[in-house]
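Every number here is computed from the coordinates shown, using simple stated rules; none is lab data. In this text, all values refer to a predicted model and were calculated from it rather than measured experimentally. Glycine gets a Cβ as well: all are built from the backbone with ideal geometry, and neighbour counts include every protein chain shown.
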Amino acid sequence: MALAEDNNKRRPSRAPFSERAWPAVATTLKTLGSIAVTLVGLLFITFIIGRVMPIDPVLAIVGERASQSTYDAVYEQLGLDKPLIVQFLYYLWDVIHLDFGTSLLNARPVSEDIARVFPATLELATLGIIIGVTLGVPLGVLAAVRKGSWIDQVARVVALVGYSMPIFWLGLMGLLIFYGILGWVGGPGRVGIFYVDVVPSVTGLILIDAALDGNWDVFKNAFSHIILPASLLGYFSLAYISRMTRSFMLEQLSAEYITTARVKGMSEWNVVWRHAFNNIRVQLITVIALSYATLLEGSVLTEIIFSWPGIGSYITTALLSADMNAVLGGTVVVGLVFILLNIFSDLLYKVFDPRAK
Amino acid sequence: MSETQTLRQWLLTDTPSSRRHAKLSALYQGWLSFRSNTMAMIGLWILILLVLVAFAAPLIAPHDPFVQSLGNRLAPLGTEDHVLGTDSLGRDILSRLIYGARITLYIVALVALIAPVAGLLVGTVAGYVGGWTDTVLMRITDIFLAFPRLVLALAFVAALGAGIENAVLAISLTAWPPYARIARAETLTIRSSDYISAIKLQGAGPLRIITKHIWPLCISSLIVRVTLDMAGIILAAAGLGFLGLGAQPPSPEWGAMISEGRRFILDHWWVATMPGLAIFTVSLAFNLLGDGLRDVLDPKAGE
């Protein structure tokens, strides 16, 4: 909180001056302040969740047969005798240093575990958003240009089904059909069992690692494993992206400058892509950033269906074995990424869209 | 017949004779325009059917949803006496789906009560009181909005323990912020209107103004939002059930049923497929209904 309050105090005295001279500085300070408040709020929520857990963190360390004095010593060592607010500050301090405690399951630092599993999620979500954008944007544009035609209807149904479908069920059906019956794709996991650890891990993204290593067998195998879950995530972002693209485009296409361009005899292609589409790019990028953020967290269920060793699987496994440090660490990381992407899309909007100023 | 004709005319009159008359007339006209939306009507019928099925579950379910029959496990679709087959413990899938409708409705109804009411409270207070209260309440709302919903719900359920009630609480905790935003926006526009100044001069206190004059006007936009959110709520509840954090076995919750059937997906596909279809149908129905309601109650929000 301290950072944010400090910033709040400073703002009123600066405002008149900055309005004339440095509007950018004022805005930046304000944005930074609100980011800080949001981040601290996020950590506060996870901290509270950790406190109300029915699991005794001391017992988890000392075991049930420890003497009272051992118990008390650990109790003090963990700082549990201090007031709640002090404990929270300790917690903040740890998190700032990327210390999420040790996992109760494998006794390794949670931050190391997360660093290991996060690239898998990143790879999946990135491929997913690429699929979603390359299909969703043209679909939305087409639906807007041919409003009311069959393609508009198709786009509508595609989106509606996407909004209504349980993602984990669609994943299961996909596995059943494309893996179980047709055999077109690799099954669960990131690569087949014979390809595990064949290429050195440089980026943690198997597709890129395999390409760097020039090992195309691994690349092909990894691709056959990732394509189904990525298409699945891609479909869900496609549903949202195509709807948003459509409504942005409709707004532009009804504007007068479009009529003018048409009257001038400009080709329809140029009207749609050069004029209308150019004007929705900023809005579209914010939508895509938001969608990407949702994919990073929405992959929890998908990862479980496809035994994908990402952060969603990590959190869920930890949850089921009551490994609280791991759960909270994972939650904080996902929350951070989510918030940062949100902020990023906000900023983008402010920077590129003159109307937002 | 002639009586309904006159009732119809009475409802469609241009010159309502009383306030109630005008209200009923507006409702009826809304209904007429809603009725012309085929997709929305399909959604409505599916949901009516769902409610009927849930209420009449003991009457229409062919079997007890909990009775196991290990000799008859994993029977395929169309088996005599088990139209949708049986699961790994030989329980009739159709009966479990029928009883599962109760759980789904229960979860949706509870969340639809808790989240909008909480949001309405926070939003109207923030909007009406303004100043510091507004800043603090909206900051909190923003923090919750910034949190990824499923992960937050997961963490909450982890803290509270698995179970239906806790799943409902967790989903509500993640679902209220948008309502608060809407209610606040509505309150801000209403607060400065003349009729609020008029009743203030008549001596109405803030409590009375908020509950009697602001809340009624926020309701319609909240209803639209709730209906559109229902699909998401169902999917979230099913997701928690699938992860084993919602309803606990042997409860016939649809998400949990999918999770059970997942182990046999390659050889006995129907066990996981049927509950998924049920979830899909119901959330599709809510989406269709929500779209239709939005067109009637809030025409500007559509295209």
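Footprinting exposure proxy ranking of B:S18, A:S254, fewest other C-beta atoms within 10 angstrom first, gives B:S18, A:S254.
Kirkwood hydrodynamic radius, chain A, all distinct C-alpha pairs: what's the number in Å?
Details: mean 1/r = 0.0421 Å⁻¹.
Evaluated over chain A, this radius sits at 23.8 Å.
Compared with the dominant Cα axis of chain B, that is its longest principal axis, helix B:149-160 is turned about 70°.
Taking every DSSP helix (H) stretch of at least 4 residues in the protein assembly as shown, weighting each as -39,500 (n - 2.57) and dividing the sum by the residue count yields a mean residue ellipticity at 222 nm of -24500 deg cm²/dmol. Taking only alpha carbon atoms, region B:60-297 gives an Rg to Rh ratio of 1.11, where Rh is the Kirkwood radius.
Gaussian network model of chain B, Cα springs within a sub-10 Å range: biggest mean-square fluctuation belongs to which of B:D64, B:D142, B:D194? Of B:D64, B:D142, B:D194, the most mobile in the Gaussian network model is B:D194. So how far apart, in nm, are the two label points at B:V51 and B:W31 if each is 7 Å from Cα heading toward Cβ? Once both label points are built, they end up 1.3 nm from each other.
With both labels modelled 7 Å from their Cα along Cα-to-Cβ, the B:T13 to B:A198 distance reads 2.3 nm. Summary of packing: across the peptides B:47-60, B:238-251, B:120-133, the per-residue average of other C-beta atoms within 10 Å ranks them, highest first, as B:238-251, B:120-133, B:47-60. Per-residue mean of foreign Cβ neighbours for A:168-175 is 6 (Cβ atoms of other chains, 10 Å radius).
If one takes the longest principal axis of the Cα atoms in chain B, at what angle in degrees, from 0 to 90 and to the nearest 10, does the Cα axis of helix B:164-191 lie? Helix B:164-191 and the main axis of chain B meet at about 20 degrees.
Could you sort A:331-343, B:106-118, B:205-217 so that the peptide with the highest average Cβ count within 10 Å comes first and the rest follow in order?
Numbers: A:331-343: 21.6, B:106-118: 19.8, B:205-217: 14.1.
So the peptides A:331-343, B:106-118, B:205-217, ranked by packing, come out A:331-343, B:106-118, B:205-217.
Mean projected area of the Cα convex hull of the protein assembly as shown, taken over all directions, amounts to 40.4 nm². According to the Cα-based calculation, Rg over Rh for region A:115-313 is 1.07, with Rh computed by the Kirkwood formula.
Residues whose amide H comes within less than 5 Å of that of A:K147, counting only those at least five positions distant or on another chain, are absent (H built at 1.01 Å from N in the peptide plane).
The distance linking region A:255-312 with region A:106-166 is 11 Å (Cα centroid to Cα centroid, whole angstrom). Per-residue 3J(HN,Hα) values for region B:202-209, derived from phi via the Karplus relation 6.51 cos²θ - 1.76 cosθ + 1.60 with θ = phi - 60°, read 6, x, 6, x, x, 4, 5, 4 Hz in sequence order (x marks Gly and Pro).
For A:I181 and A:V157, what does the FRET efficiency come to when R0 = 25 Å and r is the distance between their Cβ atoms, rounded to the nearest 0.05? Could the numbers behind the result be given before it?
Working: r = 24 Å, r/R0 = 0.98.
After rounding, the FRET efficiency stands at 0.55.
Each peptide in A:156-165, A:273-282 receives the mean, over its residues, of other Cβ atoms within 10 Å, and ordering these scores from highest gives A:156-165, A:273-282. From a point 7 Å beyond the Cα of B:Q68 in the direction of its Cβ, which residues of region B:77-104 have a backbone N at a distance under 14 Å? Hits in region B:77-104 for B:Q68 at 14 Å: B:87-92. Once backbone amide H atoms are built at 1.01 Å from N, B:T79 has B:G85 as its partners under 5 Å, excluding neighbours fewer than 5 places away on the same chain. Look at the stretch B:131-142: the mean tally of other chain Cβ atoms within 10 Å of its residues' Cβ atoms is 1. Shown for region A:37-174 is the translational diffusion coefficient from the Stokes-Einstein equation, using the Kirkwood radius over Cα pairs, a temperature of 25 °C and a viscosity of 0.890 mPa s: 123 µm²/s.
What do you get for Rg/Rh over region B:53-193 if you use C-alpha atoms and the Kirkwood form of Rh?
Numbers: Rg = 21.9 Å, Rh = 18.0 Å.
The Rg/Rh ratio comes out at 1.22.
The calculated FRET efficiency for the pair A:F352 and A:V86, based on their C-beta separation and a Förster distance of 56 Å, comes to about 0.80. Expressed in units of 2.2 N^0.38 Å, where N is the residue count, the Cα radius of gyration of region B:136-183 is 1.16.
For A:L98 and A:V25, what is the calculated FRET efficiency with R₀ set at 22 Å and r taken between the beta-carbons, to the nearest 0.05? Intermediate results must be reported in sequence, preceding the final value.
Numbers: r = 30 Å, r/R0 = 1.34.
Efficiency, rounded to the nearest 0.05: 0.15.
For the residues of A:158-164, the average number of beta carbons from a partner chain within 10 Å of their own beta carbon is 5. What nm distance separates the two modelled labels at A:L340 and B:L207, each placed 7 Å from Cα along Cα→Cβ? Computed distance between label sites A:L340 and B:L207 equals 4.8 nm.
Seen against the Cα atoms of chain B and their longest principal axis, helix B:93-129 is set at about 20 degrees.
Count Lys and Arg as plus one, Asp and Glu as minus one, and take only other residues whose Cβ is under 9 Å from that of A:A155; the net charge is then +2. When only Cα pairs below 8 angstrom with a gap of at least 6 residues are kept, chain B shows a relative contact order of 22 percent.
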